[in-house]
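Q: Can you keep this structure in mind? I'll have questions shortly.
The values are calculated or read from the model by the stated rules, or taken from the named source; none is laboratory data. Bear in mind that the values here come from a model prediction, so they are computed numbers and not experimental data. When we count neighbours, we look across all protein chains shown, and the Cβ atoms used for this are built from the backbone with ideal geometry, even at glycine.
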Amino acid sequence: MRLDADRTLVMGVINVTADSFSDGGRYLDLDAAIAHGHDLIAQGADLIDVGGESTRPGATRVDPEVEAARVAPVIKGLADAGVPLSVDTMRAAVAEAAIDAGVTVINDVSGGRADADMARVVADSGLPWILMHWRPVDRVAARAGAPFTHGVDDAGGYRDVVAEVSGELLAQVDSAVDAGVDPDRIILDPGLGFAKTADHNWALLHALPTLVGLGFPVLVGASRKRFLGTLLARDGQPRPPAGREVATAAISTLAAADGAWAVRVHDVASSRDAIAVAGAWRSGGRRG
Ligand SMILES: Nc1nc2ncc(COP(=O)(O)O)nc2c(=O)[nH]1
């Protein structure tokens, strides 16, 4: 997986879960998940993120065995067909199963903080590692059934969310490098919506050039998230997830213009088109 592509990559999403906020339950069936993966590639995805444990507010942890059993067959089926894949997991054991199945990127929403073994697994694999920011994740219990910690209060609040998220991400990088991970294989992600308010999310997106300026590829995961629904609310009713694709594509356009490594989206085609527009705009159409 190239970390220095000359355009912003599009990461499609397959949530092999029962309860993800926007597509929960649709891809628990192996054939459906694999078919969806091929569809996302046909829409222009550069890679596909496969997750087996929803982290949405109100979700609870699943057994590691359940999580691995969900993601490994999907990863193997798609990897055998040559599809570039990331696995969305906080667990070292699940990452190992995914690596055995053919995954080429580890996407860790805990940024290495939920499982002390993860850094070793990633270092040994030599694969790229996405370190996402989620301040209270150290309070996410390892046991199945425990609820996730999404409350903004759990994060203790932010005085300067951009400076604090930047500093905490760099601390996660230091920990990864200390554990033997090649810094050139590290990708950062501000963790939009993870124990953060809508204002925090917009401040982080507004400061994307600052995050990119930290010197690592940056992944932006805003697709269909609640803060978009809040922005587009009518008569006090937030826009439902299915109605947030245009907003998601707009963010993909702006993220591409600001040099994001990739955007993580459920609807690939709309963001691929948006990024093509951003590329043509920035190059004066030279790339056609
Ligand atoms: N790196 C990264 N991974 C993620 N995984 C899940 C979700 C939650 O969204 P989903 O339920 O739509 O997958 N968001 C992110 C994110 O923002 N960044």
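Q: Would you kindly identify the helices (runs of 4 or more DSSP H) lying entirely within the range 180-243 that contain at least 2 residues that are under 23 Å from residue 138 (Cβ atoms) and in contact (Cβ under 8 Å) with a residue 24 or more places away in the chain?
A: So the answer is 198-206.
Q: What tally of residues in the range 35-46 results from selecting those that are in contact (Cβ under 8 Å) with a residue 12 or more places away in the chain and out of contact with any strand residue (DSSP E or B) (no Cβ under 9 Å at 6 or more places or on another chain)?
A: Result for the range 35-46: 1.
Q: Same structure, new question: Taking the range 65-78, which residues are crowded, with 19+ Cβ neighbours inside 10 Å and among the small types (Gly, Ala, Ser)?
A: Across the range 65-78, the qualifying residues are 68, 72, 77.
Q: Then there is this: Inspect all residues belonging to the range 139-151 and state whether any of them is over 30 Å from residue 2 (Cβ atoms) and either basic (Lys, Arg) or part of a helix (DSSP H, G or I) (or both).
A: Checking the range 139-151: at least one residue is over 30 Å from residue 2 (Cβ atoms) and either basic (Lys, Arg) or part of a helix (DSSP H, G or I) (or both).
Q: In addition: From the list 192, 169, 188, which one is more than 17 Å from residue 118 (Cα to Cα) and either within 16 Å of the ligand (Cβ to nearest atom) or aromatic (Phe, Trp, Tyr) (or both)?
A: Every option except 192 fails the conditions.
Q: Also, I was wondering about something else. So for the range 257-266 (the condition being closer than 22 Å to residue 184 by Cα, crowded, with 19+ Cβ neighbours inside 10 Å and away from the ligand (no atom under 15 Å from the Cβ)), does at least one residue qualify?
A: Yes: the range 257-266 contains one or more residues that are closer than 22 Å to residue 184 by Cα, crowded, with 19+ Cβ neighbours inside 10 Å and away from the ligand (no atom under 15 Å from the Cβ).
Q: Can I ask one more? Given the structure, is residue 67 within 16 Å of the ligand (Cβ to nearest atom) and either at negative phi or modelled with pLDDT of 95 or more (or both)?
A: In short, yes.
Q: If you don't mind, there's one more thing I want to ask. Being within 14 Å of the ligand (Cβ to nearest atom) and either farther than 16 Å from residue 14 by Cα or surrounded by fewer than 23 Cβ atoms within 10 Å (Cβ to Cβ) (or both) is the requirement here; does residue 62 meet it?
A: yes
Q: Specify the residue that is nearest to residue 103 (Cα to Cα); the eligible residues are those in the range 1-58 that are near the ligand (Cβ under 10 Å from one of its atoms), in a loop (DSSP other than H, G, I, E, B) and modelled with pLDDT of 85 or more.
A: Step by step, filter the range 1-58, then rank; the result is 53.
Q: Specify which of the listed residues (194, 227) is within 18 Å of the chain's Cα centre (by Cα) and surrounded by fewer than 22 Cβ atoms within 10 Å (Cβ to Cβ).
A: 227
Q: Check whether at least one residue in the range 81-91 is surrounded by fewer than 19 Cβ atoms within 10 Å (Cβ to Cβ), of a type in the set (S, T, N, Q) and closer than 25 Å to residue 5 by Cα, and report yes or no.
A: no
Q: Looking at 173, 177, 212, which is the one that is in contact with a Leu (Cβ under 7 Å, 6 or more places away or on another chain) and surrounded by fewer than 24 Cβ atoms within 10 Å (Cβ to Cβ)?
A: 173
Q: Could you tell me whether the range 57-70 includes any residue that is under 29 Å from residue 275 (Cα atoms) and in contact (Cβ under 8 Å) with a residue 12 or more places away in the chain?
A: Checked the range 57-70: no residue is under 29 Å from residue 275 (Cα atoms) and in contact (Cβ under 8 Å) with a residue 12 or more places away in the chain.
Q: Give the range 114-133 a look and list any residue that's within 15 Å of the ligand (Cβ to nearest atom) and at pLDDT below 95, or say none.
A: Scanning the range 114-133 gives a single hit, 114.
Q: To continue, here is another question. Among the residues of the range 58-71, is there at least one that is out of contact with any helix residue (DSSP H, G or I) (no Cβ under 7 Å at 6 or more places or on another chain) and closer than 16 Å to residue 221 by Cα?
A: no
Q: Considering only residues of the range 230-248 that are aliphatic (A, V, I, L, M) and more than 21 Å from residue 196 (Cα to Cα), which is surrounded by the most Cβ atoms within 10 Å (Cβ to Cβ)?
A: Among those residues, the one meeting the criterion is 246.
Q: If you don't mind, there's one more thing I want to ask. I'd like to verify a number: residues in the range 79-91 that are within 22 Å of residue 221 (Cα to Cα) and more than 15 Å from the ligand (Cβ to nearest atom), how many?
A: The number of residues fulfilling the criteria is 2.
Q: Moving on. For residue 111, which of the numbered conditions (1) modelled with pLDDT under 95; (2) crowded, with 20+ Cβ neighbours inside 10 Å fails to hold?
A: If we test residue 111 against (1) modelled with pLDDT under 95; (2) crowded, with 20+ Cβ neighbours inside 10 Å, just (1) comes out false.
Q: Tell me whether the range 178-185 contains one or more residues that are of a type in the set (Asp, Glu), within 16 Å of the ligand (Cβ to nearest atom) and modelled with pLDDT of 95 or more.
A: No, the range 178-185 contains no residue that is of a type in the set (Asp, Glu), within 16 Å of the ligand (Cβ to nearest atom) and modelled with pLDDT of 95 or more.
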